[in-house]
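Below is one structure; the comments refer to it alone.
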Amino acid sequence: MSFVITPSERVSVPVVGSADRFPVNRIYCVGRNYEEHAKEMGFTGREPPFFFLKPTDAIVAVEAGTMGSIPYPPLTNNLHHEIELVVAIGTGGKNIKAADAHKHIYGYAVGMDMTRRDLQTEAKKQGRPWCIGKGYDHSAPIGPITPAAQAGDVANAEISLQVGGKDRQRSNVSKLIWNIGETIEHLTQAWELQPGDLIYTGTPEGVAAVVSGDTMVGSVNGLVELRVKVA
Ligand code: MN
């Protein structure tokens with residue numbers, strides 16, 4: 001097939017222990033999926049999970065052992081970090097039950113759901129979509145994907161983010177309000193998952209601003225660390 005303009009390159013993420021890469025389809029994100037983060041955003045209680053998407057080319061894939069870089073984005077004075085466990089889907093499906101969700105998971109990675117918080121807050125106030133706050137260019141840094149069999153006990157892994165060597169966020173994946181299986185069950189009632197989809201599963205408490213020159217280090221035990229500098 002030929003195209004009338006040059007098609008953009010396929011977005012992909014490195015895979016631990018392989019020269020081959022993981023091709024990215026859609027990027028789903030879960031909102032308010034840790035209780036203490038829901039509280040810091042002004043919410044309480046267990047509400048059904050809700051989702052938003054980022055454009056696929058918002059991915060900034062960072063190789064193992066290297067420092068990624070994101071530009072400080074335009075239109076904001078309050079760029080926030082959100083450390084998240086990312087689930088990479090290998091086998092698609094709809095109406096997947098939580099108990100079967102593991103069969104659809106290729107692997108896991110450390111991701112950051114970077115957020116122009118001031119724009120998101122304004123969008124919430126106005127009842128407008130979150131795209132400008134959440135789905136902007138370079139808003140989805142991600143480290144290499146570790147295949148599920150090598151990732152260890154991700155469901156009980158410590159998750160943390162440091163800025164300039166100091167702890168900003170520290171929690172445990174076991175504190176997810178909706179665990180990975182339940183998240184996939186809810187998600188696939190609304191959308192049919194496809195191979196290559198990524199799910200950013202939500203962030204724990206401690207979200208805060210970064211400025212140009214800051215270095216963020218994100219970790220989930222058992223996965224490859226994600227280091228990103230704000231240019
Ligand atoms: Mn998030």
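What follows draws every value from the coordinates through simple rules; no lab data is involved. Model, not experiment: these values are computed from the prediction. Glycine also receives a Cβ, built like all others from the backbone with ideal geometry; neighbour counts cover every protein chain displayed.
Given the DSSP H assignment, sum -39500 (n - 2.57) over each helix run of at least 4 residues in the chain and divide by its residue total; what's the result at 222 nm in deg cm²/dmol, nearest 500?
-3500 deg cm²/dmol
Which whole-number value in Å³ per residue fits the convex hull of the alpha carbons of segment 12-230? Before the final figure, lay out the partial values.
Details: hull volume 23.7 nm³, N = 219.
Each residue corresponds to 108 Å³ of Cα convex hull volume.
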Estimated FRET transfer efficiency (Thr91, Asn156; beta-carbon r; R0 25 Å; 0.05): 0.55
Coarse-grained scattering of segment 91-193 at q = 0.17, 0.23, 0.24 Å⁻¹, given as base-10 log I(q)/I(0) from a Debye sum over alpha-carbon atoms: -1.08, -1.29, -1.28
In segment 112-185, chymotrypsin sites (Phe, Trp or Tyr not before Pro) in a DSSP loop with at most 14 other beta-carbon atoms within 10 Å: none
For segment 37-64 and segment 182-231, distance of Cα centres in Å: 7
Rounded to 5, the percent of DSSP beta bridges in segment 12-230 classed as antiparallel: 80
Mean Cβ count within 10 Å, highest first, over the residues of peptides 216-223, 116-123: 216-223, 116-123
Lysine pairs with alpha-carbon atoms under 16 Å apart, the chain, spacing 8 or more or separate chains: 6
Note, ³J(HN,Hα) from phi for segment 89-96, Karplus 6.51, -1.76, 1.60, rounded to Hz, x at Gly and Pro: 8, x, 10, x, x, 10, 6, 7
